[in-house]
Amino acid sequence: MAEQTKINKILIANRGEIALRIIRACKELGKKSVVIFSEVDVNGVWVRKADECYPIMGDPIAAYLDYERIISLAKKADCDAIHPGYGFLSESAEFAQACADNGLIFIGPKPEHIALFGDKMASKVAMREVGVPMLPGTDEPIDNIDDAQKIATEIGFPIIIKAAFGGGGRGMRIVEKAEDFKEMYISATNEALRFFNRGETFIEKYLKNPRHIEIQIVADKYGNVIHLGDRDCSIQRRHQKVIEIAPSPLLNEDTRRELYRVSTKAMFKLGYESVGTIEYLVDQDDNFYFIEMNTRVQVEHPVTEIISGIDLIQRMIEISEGDPLKFLQEEIKLRGYAIEFRINAENPKLGFVPSPGLITNYLAPGGPGVRLDSMAYTNYQIPSNYDSMIGKLIVSALTWEDAVRKARRALDEFIIEGIPTNISLHRQIVCDQDFIDGKLDTGYLDTKLSTFNLDAIHNMQNEEIKMKQIEQIIAAINAKNLTVRH
Ligand code: ADP
């Protein structure tokens with residue numbers, strides 16, 4: 001039996017919307033929150049909301065990766081745990097181990113599981129051993145171009161080359177025919193080296209337009225493993241998620257059940273603890289294949305929180321305190337649909353180039369079924385040092401049709417001025433018939449982009465006309481010559 005340790009104060013080794021999300025969970029659990037922040041994040045709303053904040057001067061990215069500094073600050077501030085959020089140190093087994101070595105609880109899985117799943121090939125081997133289906137591909141890193149070409153030919157083109165220690169679509173190359181293999185292999189290896197300092201790659205069969213379906217797992221220290229349903233993350237740009245949906249609108253029920261069964265069994269057999277996500281590709285015949293496991297909270301976790309009613313960050317904290325799960329699988333009732341839109345400071349009309357800058361006007365949507373996880377506000381200067389996501393708009397309803405309608409209404413209400421954002425793209429997607437019909441795959445956005453009108457003026461036009469009328473009324477009131485007619 002693992003021992004139970006009460007956590008009183010948590011250092012959040014992250015920034016932006018996820019830092020704010022963790023602060024909210026801490027407050028609701030009655031725990032103190034501490035943030036570290038870089039020079040350029042001094043105006044971050046999360047810095048104000050935390051109970052304590054400590055600057056880390058110098059390079060704005062290195063500030064969130066300097067784990068010796070972060071651990072020493074956590075100790076000085078009397079914290080008993082560290083929550084890593086996503087990105088930065090969240091998938092560093094070394095950091096998780098260093099926390100433990102310094103008497104701090106790392107809020108996440110055991111270092112050995114972080115290390116295992118950080119190695120995409122080793123994790124494929126481990127998952128296959130516990131009964132998870134795989135795409136044909138290599139089990140070991142390839143460092144010789146001729147061997148690589150031979151293996152690719154055996155698997156049969158098209159194939160995909162991936163960085164063994166990578167992520168975010170970096171070091172990934174799709175090769176349609178044998179003649180292109182060598183050139184693609186070299187560029188994948190070089191990109192992997194540049195981004196991850198490790199050039200090892202592996203090869204996998206490439207599926208044409210599959211769906212990306214992932215399963216949310218929650219597991220405690222006592223071998224209790226449950227799932228909280230699936231998410232469909234097929235709407236992607238350059239292999240990066242743009243919209244996430246829970247549950248997948250058109251997934252065959254037998255496939256869904258099998259995904260749940262295989263995923264929970266695998267995590268039980270591997271002794272995994274904390275929250276985690278197993279990602280799969282599902283082909284047109286409903287066969288599914290493991291691609292990777294994420295050993296952290298994901299950007300898209302809110303959609304699962306909404307359909308399950310379970311606060312994933314709070315449960316993550318409690319699991320790391322040694323609490324057993326509070327619910328059995330049979331007690332989990334998944335209800336309705338939730339859709340998350342990543343709101344990015346980027347310009348859809350200029351190839352989605354990041355467009356950080358000053359938000360001159362910000363008006364958030366609200367009303368029933370709308371949740372916003374964001375760090376944006378009027379007069380917030382978005383630093384250019386980090387990724388372009390400034391928040392997530394999440395809508396939910398009992399049926400898919402209602403969720404889509406709500407999405408349209410909420411996206412229409414959203415006002416962000418001063419910088420370009422991808423809200424215009426989302427507005428186009430939610431009016432597209434294939435999206436409305438739930439017909440989604442990973443090729444969806446590529447096919448649709450050229451047909452979308454990203455200049456389209458939405459219902460705001462109506463609001464702008466109204467604003468003009470209101471301005472005239474205000475002027476009349478000020479001039480004291482308003483006649484009210486009924
Ligand atoms: P990363 O860790 O870089 O995000 P993943 O392995 O999770 O990479 O894959 C990201 C996306 O790339 C998937 O959701 C899918 O769209 C595409 N992809 C990955 N592997 C394949 C494959 N074998 N066939 C087709 N598409 C793939």
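The values are calculated or read from the model by the stated rules, or taken from the named source; none is laboratory data. Computed from a predicted structure; not experimentally measured. Glycine also receives a Cβ, built like all others from the backbone with ideal geometry; neighbour counts cover every protein chain displayed.
In the stretch 225-232, is there at least one residue being within 16 Å of the ligand (Cβ to nearest atom), under 30 Å from Ala178 (Cα atoms) and in contact (Cβ under 8 Å) with a residue 24 or more places away in the chain? If you could, list the steps in order and put the result at the bottom.
Of all residues in the stretch 225-232, those within 16 Å of the ligand (Cβ to nearest atom) come to 230-232.
Subsequent filtering for residues that are under 30 Å from Ala178 (Cα atoms) retains none.
No, the stretch 225-232 has no match at all.
Identify the residue in the stretch 171-182 that is basic (Lys, Arg) and farther than 22 Å from Met134 by Cβ and, among all such residues, is nearest to the ligand (Cβ to nearest atom). Break it down into steps so the answer makes sense when it comes.
Just the residues of the stretch 171-182 that are basic (Lys, Arg), to begin with: 173, 177, 182.
If we keep only those that are farther than 22 Å from Met134 by Cβ too, we end up with 177, 182.
Details: Lys177: 16, Lys182: 20 Å.
If we take residues in the stretch 171-182 being basic (Lys, Arg) and farther than 22 Å from Met134 by Cβ, then Lys177 is nearest to the ligand (Cβ to nearest atom).
Conditions tested, residue by residue: (1) of a type in the set (D, E, K, R); (2) in a loop (DSSP other than H, G, I, E, B); (3) not assigned by TED's automatic domain parsing to the domain that holds Gly391.
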| position | (1), (2), (3) |
| --- | --- |
| Lys221 | yes, yes, no |
| Pro249 | no, yes, no |
| Leu259 | no, no, no |
| Val275 | no, no, no |
| Asp286 | yes, yes, no |
| Met293 | no, no, no |
| Thr304 | no, no, no |
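For residues that are within 16 Å of Ala98 (Cα to Cα) and basic (Lys, Arg), tally how many sit in the stretch 40-79. If you could, list the steps in order and put the result at the bottom.
Within the stretch 40-79, the first condition is being within 16 Å of Ala98 (Cα to Cα), and the residues that meet it are 64-76, 79.
When the remaining residues are screened for being basic (Lys, Arg), the result is 69, 75-76.
Of the residues in that region, 3 qualify.
Does any residue in the stretch 366-377 that is modelled with pLDDT of 95 or more come within less than 9 Å, Cβ to Cβ, of a residue that is polar (S, T, N, Q) six or more places away or on a different chain, and which pairs are these?
Gly369/Ser396; Val370/Ser396; Arg371/Ser396
Within the stretch 237-267, which residues are β-branched (Val, Ile, Thr) and within 26 Å of Met172 (Cβ to Cβ)?
Residues of the stretch 237-267 that are β-branched (Val, Ile, Thr), as a first pass: 242-243, 245, 255, 262, 264.
Across the stretch 237-267, the qualifying residues are Val242, Ile243, Ile245, Thr255, Val262.
Here is a yes/no grid of residues against (1) at negative phi; (2) within 11 Å of the ligand (Cβ to nearest atom); (3) surrounded by fewer than 23 Cβ atoms within 10 Å (Cβ to Cβ):
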{"site": "Thr189", "(1), (2), (3)": "yes, no, yes"}
{"site": "Leu193", "(1), (2), (3)": "yes, no, yes"}
{"site": "Arg198", "(1), (2), (3)": "yes, no, yes"}
{"site": "Leu207", "(1), (2), (3)": "yes, yes, yes"}
{"site": "His212", "(1), (2), (3)": "yes, yes, yes"}
{"site": "Gln240", "(1), (2), (3)": "yes, yes, yes"}
{"site": "Ser248", "(1), (2), (3)": "yes, no, no"}
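Quick one: is Tyr185 within 14 Å of the ligand (Cβ to nearest atom), among the hydroxyl-bearing types (Ser, Thr, Tyr) and closer than 20 Å to Leu135 by Cβ? Don't jump to the end; show me each part of the working.
Details: within 14 Å of the ligand (Cβ to nearest atom): no; among the hydroxyl-bearing types (Ser, Thr, Tyr): yes; closer than 20 Å to Leu135 by Cβ: yes.
For Tyr185, the condition - within 14 Å of the ligand (Cβ to nearest atom), among the hydroxyl-bearing types (Ser, Thr, Tyr) and closer than 20 Å to Leu135 by Cβ - is not met.
Is there a residue in the stretch 104-127 that is closer than 28 Å to Gly223 by Cα, away from the ligand (no atom under 16 Å from the Cβ) and in a strand (DSSP E or B)?
Looking for residues that are closer than 28 Å to Gly223 by Cα, away from the ligand (no atom under 16 Å from the Cβ) and in a strand (DSSP E or B), one finds at least one in the stretch 104-127, hence yes.
Is it the case that some residue within the stretch 307-322 is farther than 16 Å from Ala25 by Cα and either out of contact with any Gly (no Cβ under 9 Å at 6 or more places or on another chain) or within 16 Å of the ligand (Cβ to nearest atom) (or both)? Reasoning before the result, please.
Narrowing the stretch 307-322 to residues farther than 16 Å from Ala25 by Cα: 307-308, 322.
Filter once more, so that each one left must be either out of contact with any Gly (no Cβ under 9 Å at 6 or more places or on another chain) or within 16 Å of the ligand (Cβ to nearest atom) (or both): 322.
Looking for residues that are farther than 16 Å from Ala25 by Cα and either out of contact with any Gly (no Cβ under 9 Å at 6 or more places or on another chain) or within 16 Å of the ligand (Cβ to nearest atom) (or both), one finds at least one in the stretch 307-322, hence yes.
Any idea how many residues of the stretch 412-455 are within 16 Å of the ligand (Cβ to nearest atom), β-branched (Val, Ile, Thr) and in a helix (DSSP H, G or I)?
Matching residues across the stretch 412-455 total 1.
Mind telling me which of the residues Asp101, Asp41, Asp78 ends up being over 26 Å from the mean Cα position of the chain (by Cα), touching a residue at least 40 places away in the same chain (Cβ under 8 Å) and not assigned by TED's automatic domain parsing to the domain that holds Gly322? Quick ask: steps written out before the conclusion?
On the way: Asp101 fails: touching a residue at least 40 places away in the same chain (Cβ under 8 Å); Asp41 fails: over 26 Å from the mean Cα position of the chain (by Cα).
Selected residue: Asp78, the only one of Asp101, Asp41, Asp78 that is over 26 Å from the mean Cα position of the chain (by Cα), touching a residue at least 40 places away in the same chain (Cβ under 8 Å) and not assigned by TED's automatic domain parsing to the domain that holds Gly322.
Residues being within 20 Å of Ser308 (Cα to Cα) and either among the hydroxyl-bearing types (Ser, Thr, Tyr) or within 10 Å of the ligand (Cβ to nearest atom) (or both): count how many of those fall in the stretch 256-294.
Number of matching residues: 7.
Are any of the residues in the stretch 50-64 within 26 Å of the chain's Cα centre (by Cα) and closer than 24 Å to His113 by Cα?
Yes, the stretch 50-64 contains a residue that is within 26 Å of the chain's Cα centre (by Cα) and closer than 24 Å to His113 by Cα.
For the list (1) within 24 Å of Ile394 (Cα to Cα); (2) in contact with a Phe, Trp or Tyr (Cβ under 8 Å, 6 or more places away or on another chain), I need the number of the one condition that Arg256 fails.
(2)
Inspect all residues belonging to the stretch 350-360 and state whether any of them is under 17 Å from Leu425 (Cβ atoms) and either in contact with a helix residue (DSSP H, G or I) (Cβ under 6 Å, 6 or more places away or on another chain) or of a type in the set (Val, Ile, Thr) (or both).
Residues of the stretch 350-360 under 17 Å from Leu425 (Cβ atoms): 350-355.
Keeping just the survivors that are either in contact with a helix residue (DSSP H, G or I) (Cβ under 6 Å, 6 or more places away or on another chain) or of a type in the set (Val, Ile, Thr) (or both) gives 353.
Yes; the residues of the stretch 350-360 include at least one that is under 17 Å from Leu425 (Cβ atoms) and either in contact with a helix residue (DSSP H, G or I) (Cβ under 6 Å, 6 or more places away or on another chain) or of a type in the set (Val, Ile, Thr) (or both).
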